[in-house]
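Student: Quick one: the structure is below, questions incoming.
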Amino acid sequence: MEELYKCKNCQTNIVIVEDNLFYSDEKSEVQISCPACDHKLDTRLTDGWFFIQTEIEFKKEKEIESKKERLPYPMM
């Protein structure tokens with residue numbers, strides 16, 4: 001699930017995506033920091049990890065993935 005967050009320090013829009021493990025495991029606290037200014041945003045519990053990117057980086061990555069899906073691959 002993608003969550004949009006705004007850094008209170010530098011006003012950068014940030015996308016936080018939590019990736020949980022397939023099996024239940026112990027949850028641990030993970031500190032979430034702004035990728036632009038390294039300001040601490042939050043501390044959350046997870047049994048996986050968080051992908052944290054600026055909204056601009058996130059949109060660029062989605063666009064690249066979308067283009068990769070449309071690439072014609074030569075038959076071998």
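Throughout, read-outs are computed from the coordinates displayed, never taken from laboratory work. Computed from a prediction, not measured in an experiment: that's the story for all the values here. Because the Cβ atoms are built from the backbone with ideal geometry, glycine has one as well, and the counts that use them run over all protein chains shown.
Student: With contacts defined as alpha carbon pairs under 8 Å and 6 or more residues apart, what's the relative contact order of the chain in percent? Write out the running numbers ahead of the final one.
Tutor: Values: 108 pairs, mean separation 21.4, N = 76.
28 percent.
Student: What's the longest bit of the chain with no exposed trypsin sites (Lys or Arg not before Pro), using DSSP loop states and at most 16 other Cβ atoms within 10 Å as the test?
Tutor: 28-76
Student: Out of the chymotrypsin sites (Phe, Trp or Tyr not before Pro) in the range 1-30, which ones are loop residues according to DSSP with at most 16 other C-beta atoms within 10 Å?
Tutor: Answer in residue order: Phe22, Tyr23.
Student: Once both labels are modelled 7 Å past Cα along the beta-carbon direction, what's the Asp42-Thr12 spacing in nm?
Tutor: According to this spin-label approximation, the distance is 1.7 nm.
Student: If you average the C-alpha positions of the range 49-66 and of the range 7-38 separately, how far apart do those two centres end up, in angstrom?
Tutor: 13 Å
Student: For Glu2 and Phe50 in one chain, what is 0.36 nm times their gap in residues minus the Cα-Cα distance, to one decimal in nm? Can you show the working numbers first?
Tutor: Numbers: separation 48, 0.36 × 48 = 17.28 nm, distance 1.02 nm.
Using 0.36 nm per residue and subtracting the Cα-Cα distance, I get 16.3 nm.
Student: For the range 20-37, just list the computed ³J(HN,Hα) in residue order, Karplus coefficients 6.51, -1.76 and 1.60, θ = phi - 60°, integers in Hz, with x standing in for Gly and Pro.
Tutor: Those phi angles translate into 7, 6, 6, 10, 6, 9, 4, 8, 10, 7, 10, 7, 9, 10, 5, x, 8, 10 Hz.
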